[in-house]
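Structure first, commentary second.
The values are calculated or read from the model by the stated rules, or taken from the named source; none is laboratory data. In this text, all values refer to a predicted model and were calculated from it rather than measured experimentally. Positions of Cβ are backbone-derived with ideal geometry, glycine not excepted, and every protein chain shown enters the neighbour counts. The accessibility values were calculated without ligands, DNA or RNA, using every heavy atom of the protein model including side chains. Shrake-Rupley method; radii C 1.70, N 1.55, O 1.52, S 1.80 Å.
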Amino acid sequence: MTELQRILTALRNEGLEVESVEDGALVKDGEARVALFAEAAEEGGVLVRLHLDLDLFVDEEALADVLMGINLMNQSLDYGSLILDPLDDDDDDEAAEGQDAAEEGITFAVLGRSVLWLPNLGEAEMGRLRDHLGRFEREVSETVERTLHGEKGLRA
């Protein structure tokens, strides 16, 4: 059994909905779906990478302002970080919706990312992963929501 399979079995046993995909898994906790990938770490143990797609897309023209905002938000995140991921033209048609077809530009998706090192796959470490998974999703989602819609959030 691979590291990934052992992790997925442990998460299922904790009551989470887990769906295997090509080289990782989608873990559903409440309304959120977090992509999980695992690989052996050079120093031993396992590196678990978490990706949270926030369904936020940024046009190239707004990049400077968005980078500044992401930098500020990252300063308050303890369990993850926000990054911009450039999308290929055929990656996401929704992101390109509303753009002129003749317009040449790059669109970026905003993603939450986190990496956790597990020295082993024992019960205590699986509990730590489960806690980290929940805190990561909550923290990133709440930070983005507060920034976009809170009292001091972005104003249209």
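Pairs are defined by a Cβ separation below 7 Å, a sequence spacing of at least 6 or placement on different chains, a first member in the range 122-150 that is within 17 Å of residue 75 (Cβ to Cβ), and a second member that is of a type in the set (S, T, N, Q); the pairs so defined are 136/114; 143/76.
The one condition from (1) small (Gly, Ala, Ser); (2) open to solvent by less than 50 Å² (accessible area, probe 1.4 Å); (3) on the phi > 0 side of the Ramachandran plot that residue 32 does not meet is (3). Within the range 79-89, the set of residues being among the charged types (D, E, K, R) and open to solvent by 60 Å² or more (accessible area, probe 1.4 Å) comprises 88, 89.
Could you list, in sequence order, the residues of the range 3-16 that are without any contact (Cβ under 8 Å) to a residue 12 or more places away in the chain and either touching a Pro at 6+ places or on another chain (Cβ under 9 Å) or open to solvent by 60 Å² or more (accessible area, probe 1.4 Å) (or both)? Give the derivation first.
Step one: of the range 3-16, the residues without any contact (Cβ under 8 Å) to a residue 12 or more places away in the chain are 5, 9, 12-13, 15.
Hits for the range 3-16 are 5, 12, 13, 15.
Could you please find all residues in the range 113-150 being among the charged types (D, E, K, R), in a helix (DSSP H, G or I) and within 14 Å of residue 48 (Cβ to Cβ)?
First, pick out the residues of the range 113-150 that are among the charged types (D, E, K, R): 113, 123, 125, 128, 130-131, 135, 137-139, 142, 145-146.
Checking which are in a helix (DSSP H, G or I) leaves us with 123, 125, 128, 130-131, 135, 137-139, 142, 145-146.
Listed by number, the residues that qualify are 125, 128, 130, 131, 135, 137.
Counting the residues of the range 128-139 that are over 19 Å from residue 47 (Cβ atoms) and either among the hydrophobic types (A, V, I, L, M, F, W, C) or open to solvent by 40 Å² or more (accessible area, probe 1.4 Å) (or both) gives 1. The set of residues from the range 55-78 being open to solvent by 70 Å² or more (accessible area, probe 1.4 Å) and either acidic (Asp, Glu) or part of a loop (DSSP other than H, G, I, E, B) (or both) comprises 55, 60, 61, 65, 75, 78.
Tallying residues that are modelled with pLDDT of 95 or more and among the hydroxyl-bearing types (Ser, Thr, Tyr) within the range 82-126 yields 1.
Determine whether the range 42-54 contains at least one residue that is surrounded by 15 or more Cβ atoms within 10 Å (Cβ to Cβ), more than 16 Å from the chain's Cα centre (by Cα), of a type outside the set (Ser, Thr, Tyr) and on the phi < 0 side of the Ramachandran plot. Checked the range 42-54: at least one residue is surrounded by 15 or more Cβ atoms within 10 Å (Cβ to Cβ), more than 16 Å from the chain's Cα centre (by Cα), of a type outside the set (Ser, Thr, Tyr) and on the phi < 0 side of the Ramachandran plot.
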